[in-house]
Amino acid sequence: MAPAKEDLPQRIALAHEWFTPRSTGGAELVVQAIDALLCELDRTPQLAALVDGESSRSGSWLSGRNIRTSPIQQLPWGISHVQQYLPLLPLAIEQIDLGDAELVISSSHLVAKGVLTAPDQLHLSYVHTPVRYAWDQMHAYLSRSALARRGVGPLIRWQLHALRQWDQLSAKRVDHLLANSRFTARRIQKFWGCQAQVLHPPVAVERFRWDAPRDDIYLCLCRLVPYKRVDLVVEAFNRLGMPLVVVGDGPERQRLEALAGPTVTLLGRQSQEQVEALMSSCRAFVYAGLEDFGIAPVEAMAAGAPVIGLGRGGLLDTVRCATTGLEQATGVLFPQQSVRSLVEAVSWFEQKRIWRQLDAAAIRQWAERFRPEAFKARFEATLRQAWTAHQSRCAVAASDPAGMPALQL
């Protein structure tokens, strides 16, 4: 029998970094799934974010919703370029008043987990990543920063130092941390000194057809930003002389177009329908980035495509490597984030004709584990357990003071 709706409080707040048309990635899909679950439970949450550019936009899933925002909402270009106010964001998120909520849920990849809560409020935070450019990827970020090269590098370093201090401090204020992968949980332990429960994010696997005929094209699809390391994929296929299609757009596109050889095609941004068709027909999906989770590889597996990806980070939670046995494999993981390692993996995949030995139906069945319905069920169970434990703690705190050791005669 399903738990009664009354097991959860009536007043729930759901906080995210920002709601803008420019941000529609995996983090936003998680927020949307959590919001949908709470609405299904008749617990429509009070939404909160640093800025809101969605509630007034016709056609948005947030159209007409009441969203509490921070002072950044009123600053010039605050809605469209909120990240330009990075030094102010920790302070700004703390200005959003959620004191009327009994339960606060935050979806955080930067500062959302920093909303202020009282001891009698439960704060559960779903963490997509500790801030990459403030922690382990700071040096790589600074090496590519145009501002750092213009003489303000020391100021940026000081700002990131301050952000790290606040990031760790604010994590200690959260009652229950959820991580989107084991890799993210390890980073949370390393940087914040906190334990986090792993709950993989939802992936819309139902979008994809897995039983279509496959051709000899390899596919790489992602935002073209430096940390995705699409340059390694392009260079590897230049050396292999094999067909590669790259889908996506971003600041790296011009450099990648200059790097691409005759067998590499950059298509830019494509429609959802075109993406689904490419996923369903490619020989394999290639991914060289170090991801906290990585939704695109799971989408590829939902389309029946094996994944050739970096054997680090979130892909260790999602891809079952063929080198350990073909019976339940969903792809091939290469050990090093290098052109040579990727070339060796693709060459082995081709020489052994691995794509013919992997069952597309089995790959799709594995991807089904990440469907939105599974996420909602796991999240609801976690939420109820956390709320029950919180109520028990509050009951102990409100118990008869005569039982306190400090008052014993």
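The alpha-carbon of Lys172 sits under 20 angstrom from the alpha-carbons of these aspartates and glutamates, leaving out residues fewer than 8 places away in its chain: Glu17, Glu94, Asp97, Glu102, Asp120, Asp136. Our coupling estimate for the stretch 76-88, obtained by passing each phi through the Karplus curve with A = 6.51, B = -1.76, C = 1.60 and θ = phi - 60°, is x, 6, x, 6, 7, 9, 4, 5, 5, 9, 3, x, 8 Hz, Gly and Pro reported as x. For the stretch 240-250, 3J(HN,Hα) computed residue by residue from phi via the Karplus equation (6.51, -1.76, 1.60; θ = phi - 60°) reads 6, x, 10, x, 9, 10, 10, 10, x, 9, x Hz, glycine and proline entered as x. What does the charge add up to near Ile188, with Lys and Arg as +1, Asp and Glu as -1, over the other residues with Cβ less than 15 Å from its Cβ? My count for the surroundings of Ile188 gives +4. A cut-off under 15 angstrom between Cβ atoms defines the neighbours of Leu47, and their net charge, with Lys, Arg +1 and Asp, Glu -1, is -2.
The stretch between Cys394 and Gln10 holds 136.5 nm of extra length on full extension. This uses 0.36 nm per residue minus the Cα-Cα distance.
Relative contact order of the stretch 261-314: what whole-number percent is it, with Cα pairs under 8 angstrom and at least 6 residues apart?
On the way: 53 pairs, mean separation 20.2, N = 54.
So the answer I get is 37 percent.
Of the GluC sites (Glu not before Pro) found in the stretch 327-406, those in coil by DSSP whose Cβ has at most 13 other Cβ atoms within 10 Å are Glu327. For the stretch 11-123, the relative contact order comes to 33 percent (Cα pairs under 8 Å, sequence separation of at least 6).
For the pair the stretch 29-58 / the stretch 76-126, the C-alpha centres are spaced 14 Å from each other.
With the helix formula -39500 (n - 2.57) applied to DSSP H stretches of n ≥ 4, the chain reaches a computed 222 nm mean residue ellipticity of -11000 deg cm²/dmol.
Set against the labelled values [x] 77, 48, 37; [y] 81, 60, 50; [z] 101, 53, 47, Cα extents along the principal axes in Å computed from this structure falls on [y]. The residues Tyr141, Tyr85, sorted by heavy-atom accessible surface at 1.4 Å with ligands and nucleic acids left out, run Tyr141, Tyr85 from largest to smallest. Relative to the current alpha-carbon distance between Arg269 and Glu368, full extension at 0.36 nm per residue lengthens the span by 33.0 nm.
Compared with the dominant principal axis of the Cα atoms in the chain, helix 272-281 is inclined by about 50°. Angle of helix 153-171 to the longest C-alpha principal axis of the chain, folded into 0 to 90 degrees and rounded to 10: 60°.
Computed over the chain with a Gaussian network model linking Cα atoms closer than 10 Å, the most mobile of Leu290, Leu142, Leu38 is Leu142.
Taking a ≥ b ≥ c as the square roots of the Cα gyration tensor eigenvalues, with a/c under 1.5 meaning rounded and otherwise prolate when a/b beats b/c, else oblate, which class fits the stretch 135-276? Oblate.
A simple rule links phi to the HN-Hα coupling: the Karplus curve 6.51 cos²θ - 1.76 cosθ + 1.60 with θ = phi - 60°, which for the stretch 315-330 gives 5, 5, 8, 10, 10, 9, 6, 5, 5, 9, x, 8, 4, 10, 6, 10 Hz, with x for Gly and Pro. Look at the alpha carbon pairs under 8 Å that are at least 6 residues apart: their mean separation over the length of the chain gives a relative contact order of 13 percent.
Globularity index of the stretch 216-265 is 1.00 (Cα radius of gyration / 2.2 N^0.38 Å, N = number of residues). Using the 1.4 Å probe convention, the accessible area of the stretch 118-275 works out to 50 Å² per residue with neighbouring protein chains retained. The simple spin-label model puts a point 7 Å past each Cα toward its Cβ; for Arg186 and Ser347 those points are separated by 2.8 nm. Rounded to a whole number, what % of the accessible area of the stretch 1-156 do carbon and sulfur atoms account for, probe 1.4 Å? Reported share for carbon and sulfur atoms: 54 percent. Our estimate of slack between Ala258 and Arg378, defined as 0.36 nm per intervening residue step minus the Cα-Cα distance, is 38.7 nm. With a cut-off of 13 Å between beta carbons, the residues surrounding Trp355 carry a summed charge of +1, where Lys and Arg count +1 and Asp and Glu -1. Against the longest alpha carbon principal axis of the chain, how many degrees, from 0 to 90 and to the nearest 10, is the axis of helix 26-40 turned? The answer is roughly 50 degrees. Within the straight-line cut-off of under 17 Å between alpha carbons, the lysines reachable from Lys376 are Lys5, sequence neighbours fewer than 8 places apart in one chain being disregarded.
For the stretch 260-367, which trypsin sites (Lys or Arg not before Pro) pass both filters: DSSP loop (anything but H, G, I, E, B) and at most 10 other C-beta atoms within 10 Å? Spell out each step's value before the answer.
On the way: sites: Arg269, Arg283, Arg312, Arg320, Arg340, Lys352, Arg353, Arg356, Arg364; in loops: Arg269, Arg283, Arg312, Arg320, Lys352, Arg353.
Taking the stretch 260-367 and a limit of 10 other Cβ atoms within 10 Å, the loop trypsin sites (Lys or Arg not before Pro) found are Arg353.
Amide H contacts of Phe334: Gly309, Leu310, Gly311, each under 5 Å away and 5 or more positions distant or on a separate chain (H built 1.01 Å from N in the peptide plane; Pro and chain starts excluded). The amide H of Leu266, built 1.01 Å from its N in the peptide plane, has Val246 as neighbours under 5 Å, considering only residues 5 or more places off or on other chains.
The values are calculated or read from the model by the stated rules, or taken from the named source; none is laboratory data. Fair warning: this is a prediction, and the values are worked out from it, not measured in the lab. Note that each Cβ is placed from the backbone with ideal geometry, even for glycine, and that neighbours are counted across all protein chains shown. Accessible surface areas use protein heavy atoms only, side chains included; no ligands, DNA or RNA. Shrake-Rupley method; radii C 1.70, N 1.55, O 1.52, S 1.80 Å.
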